[in-house]
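The structure appears right after this line, and notes come after that.
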Amino acid sequence: MKLISLASGSSGNSFLVQSNGSAILIDAGLSAKRILERLCAAAFDPGYLKAIIVSHGHSDHTKGVGTLSRKLKIPVWMNEGTYLESQYMLGKVHSLEFFSTGRIFEVAGFKVHAFSVPHDAADPVGFRISHGVSRLGIATDFGVVTHLIANLLTGLQVVVLESNHDPKMLMEGPYPVHLKQRVRGRTGHLSNPDSAKLLQSLVNDELHTIMLAHMSETNNTPSLALECAGQSLNAFFEQNGALCCAYQHAVSAPIEW
């Protein structure tokens, strides 16, 4: 399996997942034009894309979904709550498929388990994705760690996890009070310390790469996120684990396993 972050942050999110000649996008929160530019930068032919799978209805995850689906003639997968929340932004799509939160569905050889996360959207989800023996977890846009999230991110080889904000930067930063309360609330975004605590519990013999994602450009820095996570991952580094960041304005290096 191969994972590439095309964009991650408050201005747009999209992850490319590939295996055995098939590929899917998790979210398309940039314009279709920009997504196609990022795919080109990743040396990927968009003709191999088989589907777009959407985590929730906020615009930084759905902006390019409809146009990209029409251009590439590929289906969009989402739950009904996300569709109802985002249908006006999506417009017409090539085809629409619904999955049920909490159930496993199959797309182009990938088995995808969409699991519930606490966020201020309609039925938001994270994803546990497998293809053969390769296993990946992607979980962003949630304010607190639940037992369900911790359980479904266990036993993976690669984990993409939100590390959205530094609590001190958030509270001392320029956001208005109501937005600070939203970000740090139960249905907001995961802080660096909370992300680090969860990661520590996920370390096992198979986990080899952690990607920190959805970092705020206002209330966080990559160095702060990496430092905070790294302090709790001694056992992970002892087994040669790799810790990296997904960025808003740059395509990541591929993670292959």
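The values are calculated or read from the model by the stated rules, or taken from the named source; none is laboratory data. Predicted model, so just to flag it, every value in this text is computed and none were measured. Note that each Cβ is placed from the backbone with ideal geometry, even for glycine, and that neighbours are counted across all protein chains shown. Calculation scope for accessible area: heavy atoms of the full protein, side chains included, ligands and nucleic acids excluded. Shrake-Rupley method; radii C 1.70, N 1.55, O 1.52, S 1.80 Å.
Structure values in brief
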{"read-out": "Cα-based convex hull volume of the chain per residue, rounded to whole Å³", "value": "110 Å³"}
{"read-out": "Cβ-Cβ FRET estimate between Phe98 and Trp257, R0 fixed at 30 Å, reported to 0.05", "value": "0.50"}
{"read-out": "Label zone at Ser201 (point 7 Å along Cα-to-Cβ), backbone N below 13 Å, region 140-177", "value": "144-155"}
{"read-out": "Percent carbon-and-sulfur accessible area, the chain, ignoring ligands, DNA and RNA, probe 1.4 Å", "value": "51 percent"}
{"read-out": "Cβ-placed point charges (K, R +1; D, E -1), dipole of region 82-241 about Cα centre in debye, nearest 20", "value": "280 debye"}
{"read-out": "Within a Gaussian network of the chain (alpha carbon springs, distance under 10 Å), most fluctuating of Ile35, Ile26, Ile104", "value": "Ile104"}
{"read-out": "For region 157-167, Karplus couplings with θ = phi - 60° (6.51, -1.76, 1.60), whole Hz, Gly/Pro x", "value": "9, 9, 10, 9, 9, 4, 9, 6, 8, 8, x"}
{"read-out": "Region 1-155, dipole about Cα centre (Lys/Arg Cβ +1, Asp/Glu Cβ -1), debye to the nearest 20", "value": "500 debye"}
{"read-out": "Unit charges at the beta carbon, dipole of the chain: most positive-side option, Pro118, Val145, Val54", "value": "Val54"}
{"read-out": "Candidates Val145, Val159, Val112: whichever shows maximal mean-square fluctuation once the chain is modelled as a Gaussian network with Cα springs under 10 Å", "value": "Val145"}
{"read-out": "Computed [θ] at 222 nm, helices only, for the chain once each DSSP H run of length n ≥ 4 contributes -39500 (n - 2.57)", "value": "-8000 deg cm²/dmol"}
{"read-out": "FRET efficiency, 1/(1 + (r/R0)^6) with R0 45 Å, evaluated for Ala235 and Met89 via beta carbons", "value": "0.60"}
{"read-out": "Most mobile of Phe105, Phe15, Phe237 in a GNM of the chain (Cα contacts under 10 Å)", "value": "Phe237"}
{"read-out": "Residue-normalised accessible area of region 39-151, expressed per residue, 1.4 Å probe, Å²", "value": "43 Å²"}
{"read-out": "Listed residues Arg34, Arg103, Arg135 arranged by accessible area, highest first, probe 1.4 Å", "value": "Arg103, Arg34, Arg135"}
{"read-out": "Test item: Cα-centred dipole of region 169-257, Lys/Arg +1 and Asp/Glu -1 on Cβ, debye", "value": "540 debye"}
{"read-out": "Rounded FRET efficiency, nearest 0.05, which uses the C-beta distance separating Arg186 from Ala43 and R0 of 30 Å", "value": "0.15"}
{"read-out": "Ala150 versus Ser11: modelled label distance in nm, points set 7 Å from Cα along the beta carbon direction", "value": "3.6 nm"}
{"read-out": "Too-long pairs where the Cα-Cα distance tops 23 Å, listed order kept, from Lys2/Lys111; Lys71/Lys92; Lys63/Lys168; Lys33/Lys111; Lys71/Lys111; Lys73/Lys111", "value": "Lys63/Lys168; Lys33/Lys111; Lys71/Lys111"}
{"read-out": "Dipole of the chain [Lys/Arg +1, Asp/Glu -1 at C-beta], most positive-end residue of Ala28, Ser69, Ser195", "value": "Ser69"}
{"read-out": "³J(HN,Hα) computed for each position of region 181-192 - Karplus, 6.51 cos²θ - 1.76 cosθ + 1.60, integer Hz, glycine/proline x", "value": "5, 5, 4, 8, x, 4, 10, x, 9, 7, 7, 4"}
